[in-house]
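*Asks:* The structure follows.
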Amino acid sequence: MALKIQYNKTFLHNLRKQLAIRVRVLPTLKSKETALRIEVKKVQVLIEEKEQELQDLRNEARARDKLWNKFPDILKIKNAHISLKNTAGTKIPVFNDLEFEILDSSFFELPAWSDKAIEHLKKEVELEMELKVIKRQFEILHHERRKTTQKVNLYEKVQIPEFESGIGKIKRFLEDKENISKSAQKIVKERSKAMV
């Protein structure tokens with residue numbers, strides 16, 4: 001959207017203020033963009049690592065899947081602990097841990113391998129939850145980085161040059177107006193001298 005210029009001193013003053021704000025904020029925005037870009041890359045790598053870890057865990061447990069189907073409702077998630085962390089000026093969720101509840105069942109009914117299988121299942125569920133939270137972190141950070149990049153580009157490539165150009169146009173207009181006014185005053189003064 002093109003800047004609509006008003007050729008007066010008030011608009012010139014406001015334009016200078018807006019330009020000063022953008023020039024002052026631009027380095028901070030660039031720093032934030034860089035920090036967010038680094039964090040997005042870190043989270044991307046972390047997602048790949050956690051996905052691989054989860055895949056390895058699932059491959060390890062494939063043999064037990066058939067046996068585990070006999071006891072599908074033995075483990076229940078009681079509570080998920082997720083906190084917020086400020087990263088590069090952006091609040092992101094952080095997975096802390098899960099609380100599990102083992103549903104009532106007789107230990108005499110459960111096979112000997114069930115303790116180990118329950119621990120394995122807990123680890124797998126925790127890893128899945130952690131992966132979901134990390135993917136959410138990625139979405140939030142990526143979105144924030146994109147918004148910050150757009151703002152940097154808007155300031156750097158559009159608004160700052162537009163404001164500088166507008167300030168120059170207004171200054172030239174006001175200078176021309178002042179010169180014309182002075183010339184008109186000289187002419188009036190010379191005519192009044194000539195009449196006397």
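*Asks:* What is the number of the single condition among (1) of a type outside the set (D, E, K, R); (2) within 30 Å of ILE134 (Cβ to Cβ); (3) at pLDDT below 95; (4) surrounded by 13 or more Cβ atoms within 10 Å (Cβ to Cβ) that LEU36 does not meet?
*Replies:* Among (1) of a type outside the set (D, E, K, R); (2) within 30 Å of ILE134 (Cβ to Cβ); (3) at pLDDT below 95; (4) surrounded by 13 or more Cβ atoms within 10 Å (Cβ to Cβ), the lone unmet condition for LEU36 is (3).
*Asks:* Shifting gears a bit: Need the failing condition index for GLU124 against (1) out of contact with any helix residue (DSSP H, G or I) (no Cβ under 8 Å at 6 or more places or on another chain); (2) under 30 Å from ASN59 (Cα atoms), just the number.
*Replies:* (1)
*Asks:* Which residue is modelled with the highest pLDDT, if the candidates are limited to segment 97-114 and must be surrounded by 12 or more Cβ atoms within 10 Å (Cβ to Cβ) and over 31 Å from the mean Cα position of the chain (by Cα)?
*Replies:* PHE100
A quick yes/no check of all residues on (1) acidic (Asp, Glu); (2) at pLDDT 70 or above; (3) surrounded by 15 or more Cβ atoms within 10 Å (Cβ to Cβ):
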residue	(1), (2), (3)
ASN69	no, no, no
LYS78	no, yes, no
SER83	no, yes, no
ASN86	no, yes, no
ILE92	no, yes, yes
PHE95	no, yes, yes
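The values are calculated or read from the model by the stated rules, or taken from the named source; none is laboratory data. If you're wondering where the values come from, they're calculated on a predicted model, not measured in any experiment. Every residue, glycine among them, receives a Cβ derived from its backbone with ideal geometry; neighbour counts consider all protein chains shown.
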